[in-house]
Amino acid sequence: MSDSNAANGSGRAAGGGDGSVPGRDRRRFPDISSRAYEHPADRSALVALRKLSGFDTVFKALSGLLPERSLRLLFLSDSVRVGEQQFPHLHTMLLDACYILDLPKVPPMYVTQDPQPNAMCVGLDEPVIVVTTGLVELLDEEEMRAVVGHEVGHALSGHAVYRTILLFLTNFAVKVAWIPLGGIAITAIVTALREWFRKSELSADRAGLLVGQDLQASLRGLMKLAGGNHLHEMNVDAFLAQAAEYEAGGDLRDSVLKILNVLPRSHPFATVRAAELKRWAESRDYQRVMDGHYPRRAEDKDASVSGSFRESANHYAESVRNGKDPLMGLVRDIAGGANDLGSRLRDTFTGRTGGAGRPKDEPRDTPGDESPKG
């Protein structure tokens, strides 16, 4: 394995002697395919993105013209490259994460001065991992290990290419008039890219858990991203209770507002990520990976596309069956042939909660009573 002889090959994670890596056994996953941890919604969103009209045109146009070399020179000139002499604890984590996920080539990693806690994996030909000083200062050792594993997961999944295009189309404020598509088409592609990237974060969170193998550390890290470096003032169980309240609370109007709130974001909300990760950590799928039963990269070429579609469809069907969001309840009712659906929709969006379309507590009219009320 190139440049990543950070472990002795015995299945024990690198380190332990210098305190940079805990002296505990963590499982390694030789030849693991990203299919082992990819969220079904990630795959579905990526398939939908690739089928979007005009995406191929944008992808081909930008792939040859994106200033990747300039991007690399920027990090090299104005950030600190992680290595044995600079941020050595991050360097050890990076080697360790690549060893556990069996990433063939260790990507370069940089720390850039930015008080906003963030990390990203970008690049077209080869991925580059960048973390901000705000993130390094916010997280403890095990929380940071999960983040490094998260970014290595992006690299293994091949997410860096699409992430770079999204970054180019949004953050760099470039003029894309030369692309033979209208502004509406570009907006649609950016929206679809954001939707995919939000789903890809759920996959990378799972990769971070496979690397750190410490669910509490992963959840603490997400909680800190939401509430800052005040761990003594926060509680993981209470944070997860927030997630449950967010998922189940409100009515259909709140369901619509949730969708609108998340549309401009590049990442899912922290509570949602925490709840999703906890569910996966408690699932049979996660246990099978930890037991060594997972798809291999050598089998990727033979992987069934229809099988992936079925898995995604099953995931969404399960979400509808078990989802506590009011919108999921409505979908279940529609699928089950609920009666008086129009009345329910009207009542919900006009604030009416009484029966037969009446406002709550409004008195019934008696036959022949034509007098105005109130």
Open item on the list: Modelling each spin label as a point 7 Å along the Cα-to-Cβ direction, I'd like the MET290/ALA241 distance in nm, to one decimal.
Closed with: 2.5 nm
Task: LEU76 paired with ASN118, simple spin-label distance in nm, labels 7 Å along Cα-to-beta-carbon - done: 2.3 nm
Open item on the list: With the crude spin-label approximation of a point 7 Å out along Cα→Cβ, what separation in nm comes out for ARG297 versus GLU141?
Closed with: 2.9 nm
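Ranked from the most accessible area to the least, with a 1.4 Å probe and all protein chains present, what is the order of ARG81, ARG28? Provide the component values of the computation, followed by the final result.
Working: ARG81 125, ARG28 70 Å².
Accessible-area ranking of ARG81, ARG28, largest first: ARG81, ARG28.
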Task: Extension gain, GLN216 back to HIS232 (0.36 nm per residue minus Cα-Cα distance, nm) - done: 4.3 nm
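The values are calculated or read from the model by the stated rules, or taken from the named source; none is laboratory data. Model, not experiment: these values are computed from the prediction. Glycine gets a Cβ as well: all are built from the backbone with ideal geometry, and neighbour counts include every protein chain shown. SASA here: full protein model, heavy atoms, side chains in, ligands and nucleic acids out. Shrake-Rupley method; radii C 1.70, N 1.55, O 1.52, S 1.80 Å.
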